[in-house]
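See below for the structure under consideration.
The values are calculated or read from the model by the stated rules, or taken from the named source; none is laboratory data. Values in this document were obtained by computation on a predicted structure and should not be read as measured data. All Cβ positions, glycine included, derive from the backbone under ideal geometry; neighbour counts span all protein chains shown.
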Amino acid sequence: MKIQSKLLAISFVFLTFLITAQTISSAEIDALVEQTLKTFNVPGIAVGVVKDGKLIHAKGYGIRSINTKEKVDENTLFGIASNSKAFTTAALAMLVDEKKIKWDDKVTDYIPNFKLHNSFVTESFTIRDLVCHRSGLDLGAGDLMMWPDSNTNNRNDIINNLRYLKPVSEFRTKFEYNNNLFIVAGEVIAKASGLNWEDFIEQKIMKPLSMNNSAASRSRLKDKSNITEPHAPVNGTLQISDIHWSETANAAGGIYSSINDLSKWVIMQLNKGKYGTNNVLFSEKQQMEMWNLQTPTPVNAPGPYNTHFNGYGLGWFVSDVKGYKQVTHTGGLAGIVTQVVLIPEINLGIIVFTNQQVGAAFQTISNTIKDSYLGMPKKDWLKEYSDRVLKINEQAKKIETEVWTKVEAQQKNKMAKPDVTNFAGNYKDNWYGEVELTLSPEGKLIYKSKNSKRMRGELYYYQANTFVIKWYNRTFDADAFVNFTLDKNGKATGFKIEAYSPLTDFSFDFQDLDFYKLDK
């Protein structure tokens with residue numbers, strides 16, 4: 001037994017040495033990020049690595065803005081987008097610890113006007129259901145109420161309009177990512193604590209952790225002198241994008257932070273809710289609740305990390321990688337994407353912020369760093385993700401070319417063009433609101449959304465009763481088919497919208513819209 005114990009101890013020490021010996025150096029991270037910037041045409045990236053309770057690498061690369069050329073550093077502020085969701089669930093966990101709420105309390109006990117399409121689901125819906133993506137609603141359902149800029153919808157409007165969204169799967173049976181239910185969770189926090197979501201996050205989480213430069217939303221930042229600009233490619237050329245975010249949705253993705261500040265959050269997470277000397281933000285019990293698998297997703301093949309389970313906890317994605325539990329999340333705003341990766345058993349945290357919307361950049365960096373700590377064979381993630389991006393861009397370009405080639409042919413064929421006055425008028429979708437299709441002096445059909453001022457574009461005839469809408473804001477990457485329904489006399493009675501590019505963000509949830517004509 002003693003000999004076996006010694007052999008096991010020697011094996012463990014050797015394995016520990018092997019893993020440690022292969023860990024990536026700061027110089028290697030520098031070289032990797034510089035290559036990533038060039039490969040994916042990203043202006044700026046910030047990277048943080050937390051190991052054993054310390055921030056061992058914190059650095060900015062590239063520039064904050066293609067206009068100002070100012071450098072990114074470890075204090076540059078980025079919108080962390082959906083990485084904010086873990087702050088929302090942490091706030092709920094704190095309220096559970098304080099016995100002000102329970103995870104399985106009914107939502108209607110706190111938000112009486114909360115209502116979904118099905119009465120049984122409404123009555124059964126719990127706080128837990130709000131934050132683990134198993135509502136039965138479609139991917140990104142209702143996001144157009146707060147994306148890209150629906151500022152005329154307040155939080156009460158969004159909560160009220162959820163009842164008009166039709167489910168696509170049975171309640172609690174399938175993972176479908178949803179932002180709007182986190183908005184509801186933010187309102188639960190407000191009802192139970194007496195503080196609005198923003199104040200709770202800043203006073204109860206950021207202040208204790210000394211996240212002094214961060215804020216619960218962009219507008220609440222005290223100092224914007226070191227903040228990144230979002231960037232998006234348009235026809236192969238980078239442009240600064242508008243800030244496509246309504247602050248009604250802060251509980252789903254509003255936080256702005258830096259590598260230095262967010263590392264304090266990551267250290268606390270890896271320390272099981274503890275921070276400082278003897279301080280506790282939330283209990284270890286509640287942390288495990290957030291990190292337990294709530295909504296599983298299929299694992300079709302183990303892949304490079306020998307993964308056998310995958311899914312969503314409460315505000316976090318959870319999976320296994322090489323025998324370790326991984327807790328992670330990504331975040332995406334227009335022109336800014338981020339990732340946080342935690343592997344608690346080896347006390348490792350990785351933070352990557354980028355100011356261009358191609359997710360392959362942060363995946364390349366986080367996977368390479370993670371692999372080194374897991375003792376994985378070296379893999380060229382840069383090439384793998386570059387090949388993937390090239391392939392999907394080629395696919396998108398092919399589809400786009402086919403669509404607009406047909407549009408151009410129809411424009412030349414005057415006999416094929418319909419009377420566009422038939423399609424002009426006022427239309428409404430029950431959850432999204434009203435849009436107007438107007439005729440310009442040149443006879444062009446123009447789409448104008450009442451609630452979302454940036455959602456404007458021109459309709460081009462495609463075929464039959466289908467048009468293509470080309471948005472004026474070219475950073476959207478969301479041009480789409482507009483399919484009209486006609487009555488027996490050939491008069492337009494409504495329309496649906498269908499994105500055609502694989503690059504279109506899921507928050508342009510056109511598939512959930514069903515417009516009907518108001519002035520028939």
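The listed residues are Phe120, Phe125, and the only one of them that is under 20 Å from Gly315 (Cβ atoms), at pLDDT 95 or above and surrounded by fewer than 24 Cβ atoms within 10 Å (Cβ to Cβ) turns out to be Phe125. The set of residues from region 400-436 being β-branched (Val, Ile, Thr) and either assigned by TED's automatic domain parsing to the domain that holds Val358 or without any contact (Cβ under 8 Å) to a residue 12 or more places away in the chain (or both) comprises Thr401, Thr405. Return yes or no: is Tyr462 surrounded by 15 or more Cβ atoms within 10 Å (Cβ to Cβ), in contact (Cβ under 8 Å) with a residue 60 or more places away in the chain and not assigned by TED's automatic domain parsing to the domain that holds Thr152? So Tyr462 fails the test.
Give me the pairs: first residue in region 150-170 and in the same structural domain as Gly136 (by TED's automatic domain parsing) and over 13 Å from Leu513 (Cα atoms), second residue loosely packed, with under 14 Cβ neighbours inside 10 Å and not basic (Lys, Arg), beta-carbon distance under 8 Å, and six or more apart or on different chains, which are they? Partner pairs satisfying both residue conditions: Asn156/Asn113; Ile159/Asn113; Asn160/Asn113. Of the helices (runs of 4 or more DSSP H) lying entirely inside region 101-183, those carrying at least 2 residues that are among the charged types (D, E, K, R) are 127-130, 155-161.
Any idea which of Trp404, Trp381 is at pLDDT 95 or above, surrounded by 15 or more Cβ atoms within 10 Å (Cβ to Cβ) and over 30 Å from Ile63 (Cα atoms)?
Of Trp404, Trp381, the one residue that is at pLDDT 95 or above, surrounded by 15 or more Cβ atoms within 10 Å (Cβ to Cβ) and over 30 Å from Ile63 (Cα atoms) is Trp404.
Scoring Gly349 on the criteria (1) under 23 Å from Glu74 (Cβ atoms); (2) among the small types (Gly, Ala, Ser); (3) assigned to a helix (DSSP H, G or I) leaves a single failure, condition (3). Taking only pairs six or more apart or across chains, which ones have beta-carbon atoms under 8 Å, a first residue in region 200-211 that is under 13 Å from Asp261 (Cβ atoms), and a second residue that is outside any helix (DSSP H, G or I) and β-branched (Val, Ile, Thr)? Final answer for the pair search is Ile201/Ile255. For the structure I just gave you, tell me whether Ile205 is outside the structural domain of Lys428 (by TED's automatic domain parsing), closer than 24 Å to Ala91 by Cα and either within 19 Å of the chain's Cα centre (by Cα) or of a type in the set (Lys, Arg) (or both). No; evaluated as a whole, the condition is false for this residue. The listed residues are Leu144, Leu137, and the only one of them that is under 18 Å from Gly254 (Cα atoms), touching an Asp or Glu at 6+ places or on another chain (Cβ under 7 Å), assigned by TED's automatic domain parsing to the domain that holds Leu314 and of a type in the set (A, V, I, L, M) turns out to be Leu144. Of all residues in region 475-490, those satisfying the criterion of being farther than 13 Å from Val420 by Cβ and surrounded by 14 or more Cβ atoms within 10 Å (Cβ to Cβ) are Thr475, Phe476, Asp477, Ala478, Asp479, Ala480, Phe481, Asn483, Thr485, Leu486. Considering region 417-439, and only residues there that are of a type in the set (Asp, Glu) and closer than 15 Å to Arg456 by Cβ, the residue that is farthest from the chain's Cα centre (by Cα) turns out to be Glu436. Among the residues of region 412-433, those that are assigned to a loop (DSSP other than H, G, I, E, B) and either hydroxyl-bearing (Ser, Thr, Tyr) or out of contact with any Phe, Trp or Tyr (no Cβ under 7 Å at 6 or more places or on another chain) (or both) comprise Asn413, Lys414, Met415, Ala416, Asp419, Ala424, Tyr432.
The single residue among Glu187, Glu202 that is charged (D, E, K, R), farther than 27 Å from Thr295 by Cα and assigned to a helix (DSSP H, G or I) turns out to be Glu202. The residue of region 42-79 that is surrounded by the most Cβ atoms within 10 Å (Cβ to Cβ), among those that are out of contact with any helix residue (DSSP H, G or I) (no Cβ under 7 Å at 6 or more places or on another chain) and β-branched (Val, Ile, Thr), is Val72.
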